[in-house]
Amino acid sequence: MLSEFRTFIAQGNVLDLAVGVIIGAAFGKITTSLVEDIINPILGLVLGGIDFSQLKYVMKEAVGTEPEVAIRYGNFLNTVIQFFIIAWVIFLIVKAANRMRVSDSIAKK
């Protein structure tokens, strides 16, 4: 069983997946920074000085040591923007890969 596991780990697909996960995590950090540090301040300025990360609906104010209860929809908006940026970049990567695949198949004929 240990040798089967070693063979499984040594296969290229597992190593490719590991590299993809690591690069994906780094890309996620870049996207988070892009949204929070560049896009949101510009959108906030255009929309009259709104800080998206501070947008929330307070359902119960903080009382004494009890924290407030709030729906932080600004953070949700940040996450949605990040999702669309990541989805767009993945779309462009897949589109470029498909274009390269088609051009390779045409060149081989």
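The values are calculated or read from the model by the stated rules, or taken from the named source; none is laboratory data. Nothing here was measured: the structure is a model prediction, and the numbers come from that model. Ideal geometry is used to build each Cβ from the backbone, glycine not excepted, and the neighbour counts take in all protein chains shown.
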With respect to residue 64, determine if the residue is farther than 29 Å from residue 25 by Cα, among the small types (Gly, Ala, Ser) and modelled with pLDDT of 85 or more. yes
Being under 23 Å from the mean Cα position of the chain (by Cα) and in contact (Cβ under 8 Å) with a residue 24 or more places away in the chain is true for just one of 80, 89. Which residue is that? 89
Within segment 70-109, the residues that are under 27 Å from residue 58 (Cβ atoms) and hydrophobic (A, V, I, L, M, F, W, C) are 70, 71, 76, 77, 80, 81, 83
Name the residues in segment 53-100 that are among the charged types (D, E, K, R) and either outside any helix (DSSP H, G or I) or surrounded by 12 or more Cβ atoms within 10 Å (Cβ to Cβ) (or both), would you? 56, 60, 61, 66, 68, 72
